[in-house]
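The values are calculated or read from the model by the stated rules, or taken from the named source; none is laboratory data. Remember, predicted model here, so these are calculated numbers, not experimental data. Positions of Cβ are generated from backbone atoms using ideal geometry, with glycine treated the same way; all protein chains shown enter the neighbour counts.
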Amino acid sequence: MNEQRFNIDVENINAEFCGSSTGYADERVLISLERAQGFGKLKNLPKRLPVGCRRGGCGICRARILEGNYKRDPMSREYVTLEDEKEGLVLLCAIYPLSDLKVRLEPKCVKNLEVNSQSLEI
Amino acid sequence: MAMTGVLRPGFIQMRVMDMEASKEHYINRIGLHQVMEGDDGRVYLKAADEFDHHSIVLRKADNAGCDYFAFKVYDEATLDAYKKRIEDYGIEVDDVRAGEQPGIGRRISFVVPSGHRIELYATCEHSDPKPGINNSHIWSVEPHGMRARRFDHALFYGPNIDKVQEFFETVLDFRTPEQVDLPDGGLLGIWMTCGMKAHDIAFVNHPEPGKFHHVSFELENWNDVGRAADIITNYDISIDIGPTRHGITYGQTIYFFDPSGNRCEVFAGGYTYYPDLPTRKWDMDNVGKAIFYYERQLNEAFLSVVT
């Protein structure tokens, strides 16, 4: 494993500070955040960290990169269009940090999640 | 022999974003074999315990998901009869020429009310590896990876599943061994079979049409589900949930994701369904146990994460 470490700061959609994580250079950002959540470092998120397929397909972990550089794996064009990509939108499971990052969760699927949650009363 | 209409799931065509990583996943990890690669880049895979030409088709795309799910029917006359019944029901049927996929005869193709493309075909060549016929061994090539024995079923997410159920039951002669009811009288999910397995295809109610939840492969036993879990961790495959068990179908199972985020299941067991048996029903207060019998609650990803 590449031991180079970067800070990953997460804001929620209201830009309220939620917490930070340490990520490794060759580690998917979402995996770093899952580890931080396990250690109780991600507080005050509107809901649990959105974790789905972890492989760029389902779109659940869509986010906007506010600051920092990263490299990317393929991610589904259904959830990150070319225009989204130019704006800095990514799937957190399909990027790797090249510097400290500041990210904001911007899930595209919130509406569907709410429909499902309501119909199931969970 | 009572089965003469739709016989079984035949093959499924999946979209993947990285073909080499996907081949590694489905061949080396799940344990399938590559039959061939087509001129258009599609890759055809099968389990060694299947006779038919292929059961999994991988197509490179810029998003993940499922293109279509094809069932094998008894013969060409059966195929013609289904074409007429589907058209009479009011669903448009497309003809797909023989050889559009190698080893597969002509197909008929149509979209069900949940937005999923379903296909039927009657003719299919065999390919290697396949089971022996005369005095045969248990396997013709030594099982590897998770030792998948066959492509077994798929679960789709989409709207109008009451209409999907009606179509599959009245037009394609499927039955519904198991379902989950919503409090308002609607359906959360249906598990349907064309034969004697507890399910060959399933649908869960979801606002977006045409979504894909998982493709499933059958393993020999519960020990192999545990071995699959070892492989998933050893090779850093993204886990969803398991090993666990379903109340619905009784299947012993583990869920994980392919390198493009398509959910895969390997499972063992499941009860035998006969056409005179009642539909087993679950209500929403017990849906946790229905889906994950040991955890007794749903995980959020099972209901919301689809490709």
Q) Does B:Lys163 meet the test of being touching a Lys or Arg at 6+ places or on another chain (Cβ under 9 Å) and of a type in the set (Lys, Arg)? A) no
**Q.** Test: B:Asp162 is in contact with a Phe, Trp or Tyr (Cβ under 9 Å, 6 or more places away or on another chain), acidic (Asp, Glu) and surrounded by fewer than 19 Cβ atoms within 10 Å (Cβ to Cβ)
**A.** no
Q: Would you mind stating whether B:Phe302 is within 21 Å of the chain's Cα centre (by Cα) and either surrounded by fewer than 23 Cβ atoms within 10 Å (Cβ to Cβ) or not assigned by TED's automatic domain parsing to the domain that holds B:Phe217 (or both)?
A: yes
Q. Pick from the range B:271-307 the residues that are free of Cβ contacts under 8 Å to residues at least 12 places away in the same chain and in a loop (DSSP other than H, G, I, E, B): which of them is nearest to the other protein chains (Cβ to nearest Cβ)?
A. B:Leu298
Q) Going by the conditions given, is B:Gly185 at positive phi and modelled with pLDDT under 95? A) yes
Q: Look at B:Pro243 and say whether it is without any contact (Cβ under 8 Å) to a residue 40 or more places away in the chain, surrounded by fewer than 24 Cβ atoms within 10 Å (Cβ to Cβ) and either under 30 Å from B:Asp173 (Cα atoms) or more than 16 Å from the chain's Cα centre (by Cα) (or both).
A: yes
Q. Only one residue in B:His126, B:His144, B:His153 is in contact with a helix residue (DSSP H, G or I) (Cβ under 8 Å, 6 or more places away or on another chain) and closer than 22 Å to B:His53 by Cβ. Which one?
A. B:His144
Q) Looking at the range B:223-245, which of the residues that are of a type outside the set (Gly, Ala, Ser) and assigned to a loop (DSSP other than H, G, I, E, B) is farthest from B:Arg150 (Cα to Cα)? A) B:Asp236
Q: Can you work out which of the residues in the range B:253-270 that are surrounded by 21 or more Cβ atoms within 10 Å (Cβ to Cβ) and not in a strand (DSSP E or B) is nearest to the other protein chains (Cβ to nearest Cβ)?
A: B:Gly261
Q: Collect the residues in the range B:28-60 that are within 14 Å of chain A (Cβ to nearest Cβ) and surrounded by 18 or more Cβ atoms within 10 Å (Cβ to Cβ), keeping them in residue-number order.
A: B:Arg29, B:Leu58
Q: Go through the range B:286-307 residue by residue and tally those that are hydrophobic (A, V, I, L, M, F, W, C) and touching a helix residue (DSSP H, G or I) at 6+ places or on another chain (Cβ under 6 Å).
A: 2
(Q) So, B:Ala98, is that one within 17 Å of B:Glu125 (Cβ to Cβ) and either of a type in the set (A, V, I, L, M, F, W, C) or in a loop (DSSP other than H, G, I, E, B) (or both) or not? (A) yes
Q. When B:Ala64 is evaluated against the numbered criteria (1) of a type in the set (A, V, I, L, M, F, W, C); (2) in contact (Cβ under 8 Å) with a residue 40 or more places away in the chain; (3) farther than 15 Å from B:Met17 by Cα; (4) crowded, with 17+ Cβ neighbours inside 10 Å, which criterion, by number, is the only one it fails?
A. (3)
Q) When residues of the range B:205-222 are filtered for being part of a strand (DSSP E or B) and under 21 Å from B:Gly261 (Cβ atoms), how many remain? A) 7
(Q) Quick check on the range B:215-252: of everything there that is within 11 Å of chain A (Cβ to nearest Cβ) and of a type outside the set (D, E, K, R), which residue is farthest from B:Arg280 (Cα to Cα)? (A) B:Ile237
Q | Residue list for the range B:1-27, filter: surrounded by fewer than 18 Cβ atoms within 10 Å (Cβ to Cβ), within 14 Å of chain A (Cβ to nearest Cβ) and either polar (S, T, N, Q) or without any contact (Cβ under 8 Å) to a residue 24 or more places away in the chain (or both) | A | B:Glu20
